[in-house]
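Bear in mind these aren't lab numbers, they're just calculated from the coordinates by the rules spelled out. Bear in mind that the values here come from a model prediction, so they are computed numbers and not experimental data. Methodologically, a virtual Cβ is constructed for each residue, glycine included, from the backbone with ideal geometry; neighbour enumeration extends over all protein chains shown.
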Amino acid sequence: MPHPLSDGARKLQLCLVALAGSLRGETCAVRVLLLVNDSASSTTARTRVLIHTALSERHDTEVAFTNRRGHAARLARGAATTGTDAVVVLGGDGTLNEAANGVAGTDCVLAALPGGSTNVFARTIGTPDDPLAATQAVLEAFEIGSITSAGLGRTSGRYFLFHCGMGLDAAIVEQVERHPTLKRYLGHPLFLLAGIDTLLRRYDRQTGALSVRTTAPAAATIDGCFVVVAANTDPYTFLGSRPVRIAPAATLHTGLSVVGLRSLRFADALNVLSAVFRANGRLSDTDPSVVQRIDDVRDVTVTGMHPFGHQLDGDHLGAVNELQLEWVPDVLRLAIPAVSE
């Protein structure tokens, strides 16, 4: 169950209700920081101005721009510690991840607007694909108090919103990040091309080098993995409008779902792809020698026979020999667009 509202969060909830007119005759200013990644693939100056105008019509809104790695986290953290009530992010998943790390553990609310090439998390929580429509949905969420206390995954002191990928998954992300201009203009096709290139030319397809050990809520293991994904939400990603579902039990209010892919044989890969695009990604019928999944995990350790890459929310973070992950409940105040359930 979500924790009771702290004083600051309760104040924000009351302010939002007041803005909706439920508390007649009372006014309450809500401070908003619009955090913009101008280099994100679908962000334009015109869109940014229109969004700022829409937010400013109802709230005391400031704008800040990110210009380097880690900048969004610092800006969001500074806003949260100086009394800002909500940080609205116009950018991709990487910018949103940084902002989440900046406000996690505070009463400051995070809201997502789609500004990147895929916008996995924004789409997962029901945000419209159009940034202007998304702005209206976020404004309405503020007004009706559609805010939840979300759990996040965490590893090496950094939170992740939707997943941590290890092994081949991270190797593909690393290849994509080497071509930022192509990523901006190609989007999904670049991920597919990078995946094929990495699988055929840049990755050991003979030995599954990753092992998974969970300790909470129960001890379990998955050995011989080529890919491990610790999912905090579902879907894993989107290909165009189609969700790629691998962990249907993963939600913001349950533990992580840990998925291990144990075979890269062509026939097995086809079966897995068929499963994730059929029946809402239920892999339960897949041979356990190929895919295994452990749901509602609170603590997990992944070890490799040799250093393995890892990525958080699409941001490659380098190679490690071992990675410890945990699920932290109720750590992020998150605006849920009013258009979603």
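Remarks
- Compared with the rule-of-thumb size 2.2 N^0.38 Å for a compact globular protein, the chain has a Cα radius of gyration ratio of 1.00.
- Residues Ala216 and Ser241, FRET efficiency given R0 of 45 Å [Cβ-Cβ distance, rounded to 0.05]: 0.80
- With each label modelled as a point 7 angstrom along the Cα→C-beta vector, the Asp295-Ala269 pair spans 2.9 nm.
- By other beta-carbon atoms within 10 Å, ranking Ile125, Ile246 with the fewest at the front produces Ile125, Ile246.
- ³J(HN,Hα), Karplus 6.51/-1.76/1.60, whole Hz, each residue of the stretch 148-162, x for Gly, Pro: 10, 9, 9, x, 10, x, 8, 8, 6, x, 10, 7, 10, 7, 10
- Rounded to the nearest 500, the 222 nm mean residue ellipticity of the chain from helices alone is -9500 deg cm²/dmol, with -39,500 (n - 2.57) taken per DSSP H run of at least 4 residues.
- Taking amide H positions as modeled 1.01 Å from N, with prolines and chain starts lacking one, the residues under 5 Å from Val109 and 5 or more places away or on another chain are Ala86, Val87.
- Electrostatic dipole magnitude of the stretch 80-239 [Cβ: Lys, Arg +1; Asp, Glu -1; Cα centre; debye, to 20]: 600
- Residue with peak Gaussian network fluctuation, the chain [Cα springs, cutoff 10 Å], from Leu110, Leu273, Leu34: Leu273
- Rg/Rh for the stretch 163-312 stands at 0.94; both radii use Cα atoms, and Rh follows the Kirkwood definition.
- Pairs of Cα atoms nearer than 8 Å and 6+ residues apart set the relative contact order; for the stretch 163-312 it is 30 percent.
- Using θ = phi - 60° and Karplus 6.51 cos²θ - 1.76 cosθ + 1.60, couplings along the stretch 116-129 (whole Hz; Gly, Pro as x): x, 7, 10, 6, 4, 5, 4, 5, 4, 8, x, 6, x, 5
- Charge sum, other residues only, whose C-beta stays under 13 Å from Leu50's C-beta, Lys/Arg counted +1 and Asp/Glu -1: 0
- Converting phi to 3J(HN,Hα) with the Karplus coefficients 6.51, -1.76 and 1.60 and the offset θ = phi - 60°, the stretch 174-183 yields 4, 5, 4, 5, 6, 10, x, 5, 5, 4 Hz in sequence order, with x at every glycine or proline.
- Amide hydrogen proximity for Val291: with H placed 1.01 Å from N in the peptide plane, the residues at 5 or more positions away or on another chain lying under 5 Å are Arg262.
- Residues whose amide H falls under 5 Å from that of Gly224, counting only those 5 or more places apart or on a different chain, are Leu210, with hydrogens built in the peptide plane.
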